[in-house]
1. Is at least one residue of segment 84-95 modelled with pLDDT of 90 or more, open to solvent by 20 Å² or more (accessible area, probe 1.4 Å), under 19 Å from the mean Cα position of the chain (by Cα) and not polar (S, T, N, Q)?
2. Pick out the one residue from Met79, Met26 that is more than 22 Å from the chain's Cα centre (by Cα) and open to solvent by 10 Å² or more (accessible area, probe 1.4 Å).
3. Considering (1) open to solvent by 50 Å² or more (accessible area, probe 1.4 Å); (2) aromatic (Phe, Trp, Tyr); (3) touching a strand residue (DSSP E or B) at 6+ places or on another chain (Cβ under 6 Å); (4) in a helix (DSSP H, G or I), say which one Trp278 fails and leave the rest.
4. So which pairs qualify, if the first residue must be in segment 319-331 and under 13 Å from Asp374 (Cβ atoms), the second must be at pLDDT below 95, the Cβ gap must be under 6 Å, and the two must be at least 6 apart or on different chains?
5. Can you find a residue in segment 375-382 that is more than 26 Å from Glu307 (Cα to Cα) and surrounded by 18 or more Cβ atoms within 10 Å (Cβ to Cβ)?
6. Return only the number of the condition from (1) in contact with a Ser or Thr (Cβ under 9 Å, 6 or more places away or on another chain); (2) open to solvent by 20 Å² or more (accessible area, probe 1.4 Å); (3) modelled with pLDDT of 90 or more that Ala34 does not satisfy.
7. Modelled with pLDDT under 95, open to solvent by less than 50 Å² (accessible area, probe 1.4 Å) and among the β-branched types (Val, Ile, Thr): does that describe Val40?
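The values are calculated or read from the model by the stated rules, or taken from the named source; none is laboratory data. These numbers come from a predicted model, not from an experiment. Positions of Cβ are generated from backbone atoms using ideal geometry, with glycine treated the same way; all protein chains shown enter the neighbour counts. Heavy atoms of the whole protein, side chains included, go into the accessibility calculation; ligands, DNA and RNA do not. Shrake-Rupley method; radii C 1.70, N 1.55, O 1.52, S 1.80 Å.
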Amino acid sequence: MSIDATAGTFRRSRTVPVHRALPGLMRDPVNALAEMGRRVKGEVVRLDLGLFRPYLVTHPDHVQQVLRAEWTGYRRDGMFWRPLRRMTGASVLGEDEPWESSRKVLQPLFTRRYIATLAGEMAKVITDCVSRLDAYATSGRSVDIMEEMSRIVNRAVIRVLFGDRITPEEGELLAPAYDTAATSINFRLLMPFMPYSVRVPGDRAFMRAVKTVDDVVFPVIRQARAERDDGHDVISALCRVGQEDGGAPLDDQQIRDNLVSVYGAASESTAMTLTWLWPLLEAHPHVAARLQEEIDRVVGAGPVAPEHLPELRYTGMVLQELLRLYPAGWIFPRMAARTAELGGTRIKAGAQVLISPYATHRLDAFWERPLDFDPERFAPGARDGAHRYSYFPFGGGPHQCLGKHLFHVEAPLIVAAVLSRFRIQVAAGPYTPFPAASLRPRERVMVNLLPLRHAPGVAA
């Protein structure tokens, strides 16, 4: 059928029936969505899940329409967002005034230039955290690399967000609490239509995690208000809102909501992304060898420093390809605010739209050998002419993730710090995606750390 949007004529939406959609989504929702997108070659398709019938949007043209061109018509509202709102509240992850005011305050603190000023302090924190892995290397004990990536990222991000207002002991409470929250909402993400009057698996663990976060964050906010200093950390900036322009200050709850939202974007998502790196390197020894050669040449015995970043070019390519295959934000739900046309399909107001970078990044029309791990895709000039929204690990449009520049400083510093001290041996997989708030392996990723001869403390 031809499309005449002005006359109100639309193609009937293609529907995946419930008997075909539901089993795969229950077994492996991340790859099931990606396979559906590949099968229909990016066409807008409706998933019949009984009472719930969302649209899957994977083609870069349609993604761009939702996230950028017509972004006001597709809101971060609806049943998919309700589980997250219990943790993030009214913040930069919301809509309307809470989002606008929060974004205005936080945006200057996450620019490339501002993050560069924090790189030295982050490098010191990262070096200290990585050095503590020496005990595992010398004893031969295996390490849960997800836990260690979370610990390292957590320490670095807390320095950016809270400065020196939070103790290491308090900081160690945040990462596991956020991890619990991210995984315990899995049932609600898969069954978003389930009413909150019905207790489901994970609800109690989620609320305990929220309480732990609140018990850490609220006292720090009160301390920052009392000190009224000119600190460059995020909490100081949030506390200063309204002081210079005479506008309304943020109350404690608003500051808490934004801190928690930014913490998740900057820490939990980065740690989960880096967890996927080590199995990929184990499976691709030629990539691992080239990466190691670059770090040996640029960083040597370390410590890693901000001035190394411009020379870690292949490291950057590896991380970009890592984000293609395993974007932490694996799904971006939206609710249609008004009836609209998308790819020739009529999307009624109130309908749920699912955008998945994980799926779009695997479309054959836009990626040669899309399932292969190949950092050369991101060699200089290799992406010239590519569709802007064929690759969007940090989202796009006005709601693009604030943590983008932080990731591209923090992640290479961590990888370089680890590989300047150790060779990594990963236990055999397979490792499959688990659909939590941030994409993570379902299985524990256990590694052995082999000390390099040139690392500090290692005998020649």
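1. No.
2. So the residue among Met79, Met26 that is more than 22 Å from the chain's Cα centre (by Cα) and open to solvent by 10 Å² or more (accessible area, probe 1.4 Å) is Met26.
3. Failing condition for Trp278: (1).
4. Taking only residues 6 or more apart or on different chains, not a single pair turns up.
5. No.
6. Among (1) in contact with a Ser or Thr (Cβ under 9 Å, 6 or more places away or on another chain); (2) open to solvent by 20 Å² or more (accessible area, probe 1.4 Å); (3) modelled with pLDDT of 90 or more, Ala34 violates only (2).
7. Values: modelled with pLDDT under 95: yes; open to solvent by less than 50 Å² (accessible area, probe 1.4 Å): yes; among the β-branched types (Val, Ile, Thr): yes.
Criteria met by Val40.
Conditions (1) in contact with a Leu (Cβ under 9 Å, 6 or more places away or on another chain); (2) open to solvent by 50 Å² or more (accessible area, probe 1.4 Å), marked per residue:
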site	(1), (2)
Asn154	yes, no
Val160	yes, no
Asp164	no, yes
Glu169	no, yes
Ala175	no, no
Thr183	no, no
Phe193	yes, yes
Ser197	no, yes
Gly202	no, no
